[in-house]
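Every number in this text was worked out from the coordinates using simple rules, so none of it is lab data. Just so you know, these numbers come straight off a predicted model, no measurement behind them. Neighbour counts are summed over all protein chains in view; Cβ atoms, including those assigned to glycine, are modelled from backbone coordinates with ideal geometry.
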Amino acid sequence: MAKPKPSKPSKPKPKPKPKPKPAPEIAAPHQQFYAHEAYQAIAEHILTPNIPEEHAGSWTLPSIDKVIVSYGWAGSTNNRGVCIMGPGMVEGKEALIFIRPEDWAHHRQMLTVLFHEMVHAGLGVENEDSANHVGIFDAICSSHGLTKGGRVPNDEFLEMIDDIAADLPPFPAAPYEGWDENQAVVVVVPGDPKPGQAPRPPQAGRLRKWQCDCGVIARVASDDFDAMCQRCHTKFKFVPKKPKEGGENGES
C-alpha cells in the first residue's frame with residue numbers, strides 16, 4: 001500500500017503594503033488659495049520677466065486661470081511635487097500642480113517646490129530637457145539660484161523666496177502627520193542649521209527690489225537699474241528691505 005505523500009506546508013500570505021492615507025480635506029482650501037497667490041506672484045515678478053533671452057522662445061507659462069495648484073500627493077514617494085500637463089486635463093486647464101503635504105511645514109519648502117514645478121509648466125510637457133532636469137530647465141532654474149537640476153537652492157534664491165512670502169497672505173502651514181514615516185521623504189528646510197550646528201551668519205543677496213508706480217516689481221542684480229514700466233510709464237524705484245525687529249535696515 002502506497003504511503004500518502006506529506007502535504008506541503010502552506011506559505012503565509014504576504015502582508016499588503018500600507019497605502020498612504022489621504023491628506024485631510026479640511027486644510028486643502030487654505031493651501032490652494034495660498035498656492036494660487038504664490039503662483040501668480042512668482043510668475044509676474046520673478047520667472048516671466050527674467051527668462052534668459054536665449055530661452056524665451058521655449059517659454060510659455062500658463063496664466064493662473066489655466067492652472068490648478070494644490071496640496072496633495074505627488075503620485076510617488078520620491079516626488080516632492082508634480083506638474084501634470086497634456087491630454088486628459090481638467091476642462092479649461094493646462095496644468096495641474098500638486099505639492100506634497102510634507103512640504104507645507106515651511107514657506108521655503110513649499111515655494112521652492114512650486115518654483116521647480118512652474119519651470120516644468122513653462123517649458124511644456126513635450127520638452128525633453130524639462131523631463132530630465134537638464135539643459136534649458138537647469139539653465140532657467142540656475143539663473144535664479146535653484147541649482148543642480150532645480151533641486152538645491154542657494155542663499156540668493158532663498159532671499160528671493162522670503163521676499164515673495166513677505167508679500168503673500170500668512171503661510172498656512174499644514175504638514176500632514178499621518179503619512180507613513182517609512183515611506184516619507186525627509187525634507188530639511190533649506191537654510192536652517194542642522195541639530196548642534198550654529199546658524200550661518202546672514203549673507204547679502206545680489207537681487208535688489210525695484211517697483212514702479214503701478215506696483216510692478218522687478219528684482220535685479222544691480223544697484224543701478226534705469227528702466228521704465230511699459231504699463232504706467234514711470235521709472236522703477238529702489239525699494240529698501242523692511243527692517244526686522246532688533247536688526248538693521250538692509251537692501252532687498
Applying the Karplus parametrisation 6.51 cos²θ - 1.76 cosθ + 1.60 with θ = phi - 60° to the phi angles of the range 139-146, what ³J(HN,Hα) value in whole Hz is obtained for each residue in order, glycine and proline being reported as x? 5, 5, 4, 5, 5, 9, x, 9
Residue separation times 0.36 nm, minus the C-alpha to C-alpha distance between N79 and T48: what's the value? 8.7 nm
Which ³J(HN,Hα) values, rounded to whole Hz and listed in residue order, are derived for the range 102-111 from phi using the Karplus coefficients 6.51, -1.76 and 1.60 in 6.51 cos²θ - 1.76 cosθ + 1.60 with θ = phi - 60°, glycine and proline given as x? 4, 8, 9, 7, 8, 4, 5, 4, 4, 6
Relative packing of 153-164, 41-52, which averages over residues the other C-beta atoms within 10 Å, highest first: 153-164, 41-52
For the peptides 225-236, 137-148, what is the packing order when you average, over each peptide's residues, the other Cβ atoms within 10 Å and list the highest mean first? 137-148, 225-236
Mind listing the long-range amide H neighbours of K241? Cut-off is under 5 Å, sequence gap 5 or more, other chains count too, H placed in the peptide plane at 1.01 Å from N. G250, E251, S252
Quick check: residue separation of L168 and E128 times 0.36 nm, minus the Cα distance between them. What number comes out in nm? 11.1 nm
What are the ³J(HN,Hα) values, in whole Hz, obtained from phi via the Karplus relation 6.51 cos²θ - 1.76 cosθ + 1.60 with θ = phi - 60°, for each residue of the range 160-168 in sequence order, with x given for Gly and Pro? 4, 5, 5, 5, 4, 4, 5, 9, 9
Would you mind checking which residues have amide H under 5 Å from V67's amide H? H placed 1.01 Å from N; only 5 or more apart, or other chain. E94
Tell me the label-point distance for the pair M89, M228, using the 7 Å Cα-to-Cβ offset, in nm and rounded to one decimal. 3.7
Sort 102-112, 208-218 for me by packing, meaning the mean count of neighbouring Cβ atoms within 10 Å per residue, highest on top. 102-112, 208-218
